[in-house]
Amino acid sequence: MRRGGALLCLVLLTGCGTGPSLENRGAVTASPGDSKHLTIGSAGFTESDLLAQMYALLLDQAGYKTSTLTVANRELYEPALESGQIDVVPEYAATFADWLNAKTHGAGAPPVGSPDLAATMKALRSLATPRGLTVLDPGRAVDQNAFAVTKAYARQHHLKTLSDLGASHLPVRLAAGDECVQRPYCEPGLKKTYGIDIIGVDPKGVGTTQAKRAVQSGQDQMVLTTTTDATLDEFGLVLLADDKHLQNADYIVPVVNRSRAGSEGVTKALGKLNDVLTTADLASMNRQVDSWRRLPADVARTYLKDKGLVK
């Protein structure tokens, strides 16, 4: 597999990969394909590895032969998906929609991802289809930006939601990335949507150990992380619900190369995950890999066996 990954990167970096060109957008007319040998792509971080392993196991169960390949850079794996060097990849609806939109219309194009899942999926599919890609249905699992406080702080001030925090009028120093001061989902959105009194942003990164420790110690009151963060309990932290839906609809969606993996067989096999996989399930699996040092393949197989999806 390492040799295959090196070869793929070499092909892409030397410009040999081909796919639907921008000039031919809208002219991709290939019928949905059903290749029996499929390559599942991973972006190289824990959650992507877990999803890729689950996709591979479900497709194996459905009679396909699969291999997994890690290409950590979306600028590399998305063209590989278009060209058929990768057949299936797990993605995040709003983020991928905005990425394809910028690729299609330029970096300054207005975002098309939003908290509205239906609108986000419509925009995503309209951008993906001309590139020979099919976006399958999202399930229940979502990996969004999220905000956490200590459990003690939440108990003391009776906080369960970000609206509760806004209504409390408590001054909040936020541990986050330095871009938080400008991003609409971060400081500006917290102020506008929830009325939270952000008195400063402590630039310690998104969900980093340093950022969590700053909140744990009381130096900061809240940290920007994600809904599938596997380590919140270790720091005594709890998420506050985004009850007014400030964050974009980053539901997990499989994206496939239509001409190789656009068949009903692939859609049906991967769709089985939609009925069972939750955000909490993903957080638990992330924890098993990141904190317990289990292999993603083992965690994925155990989960699917427990859900009755593979033997």
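The values are calculated or read from the model by the stated rules, or taken from the named source; none is laboratory data. On a predicted model such as this, the values are computed, not experimentally measured, just so you know. Here Cβ is always computed from backbone atoms with ideal geometry, including for glycine, and neighbour counts include all displayed protein chains. Just so you know, the surface numbers come from the protein's heavy atoms only, side chains and all, with ligands and any DNA or RNA stripped out. Shrake-Rupley method; radii C 1.70, N 1.55, O 1.52, S 1.80 Å.
Test each condition in (1) crowded, with 20+ Cβ neighbours inside 10 Å; (2) more than 28 Å from Lys160 (Cβ to Cβ); (3) not basic (Lys, Arg) for Thr267 and report the one that comes out false. Evaluating Thr267 over (1) crowded, with 20+ Cβ neighbours inside 10 Å; (2) more than 28 Å from Lys160 (Cβ to Cβ); (3) not basic (Lys, Arg) leaves (1) as the failure.
Tell me, which residue of region 272-303 that is more than 15 Å from Asp49 (Cα to Cα) and among the charged types (D, E, K, R) is modelled with the highest pLDDT? Only one residue fits best here, namely Lys272.
Here are Val223, Val238: which of them is surrounded by fewer than 22 Cβ atoms within 10 Å (Cβ to Cβ), among the aliphatic types (A, V, I, L, M), under 25 Å from Pro171 (Cα atoms) and in contact (Cβ under 8 Å) with a residue 60 or more places away in the chain? So that I can check it myself, show each step before the final result.
Working: Val223 fails: surrounded by fewer than 22 Cβ atoms within 10 Å (Cβ to Cβ).
Matching residue, one of Val223, Val238: Val238.
When you look at Thr231, is it of a type in the set (Ser, Thr, Tyr) and more than 19 Å from Tyr92 (Cβ to Cβ), yes or no?
Criteria met by Thr231.
Counting residues that are open to solvent by less than 40 Å² (accessible area, probe 1.4 Å), in contact (Cβ under 8 Å) with a residue 24 or more places away in the chain and under 20 Å from Asp275 (Cβ atoms), which strands (runs of 3 or more DSSP E) fully inside region 49-145 reach at least 3?
By residue number, 88-92.
Would you tally the residues in region 270-311 being more than 23 Å from Thr70 (Cβ to Cβ) and crowded, with 16+ Cβ neighbours inside 10 Å? Qualifying residue count for the region: 5. For region 189-212, which residues satisfy the criterion of being open to solvent by 10 Å² or more (accessible area, probe 1.4 Å), out of contact with any strand residue (DSSP E or B) (no Cβ under 9 Å at 6 or more places or on another chain), modelled with pLDDT of 95 or more and in a helix (DSSP H, G or I)? Of everything in region 189-212, those that are open to solvent by 10 Å² or more (accessible area, probe 1.4 Å), out of contact with any strand residue (DSSP E or B) (no Cβ under 9 Å at 6 or more places or on another chain), modelled with pLDDT of 95 or more and in a helix (DSSP H, G or I) turn out to be Lys192, Thr193. Taking region 146-180 as the range and being at pLDDT below 95 and either of a type in the set (Phe, Trp, Tyr) or open to solvent by 30 Å² or more (accessible area, probe 1.4 Å) (or both) as the test, the residues that pass are Asp178, Glu179.
Checking each residue in region 228-258 for being over 20 Å from Leu277 (Cα atoms) and β-branched (Val, Ile, Thr) picks out only Val238.
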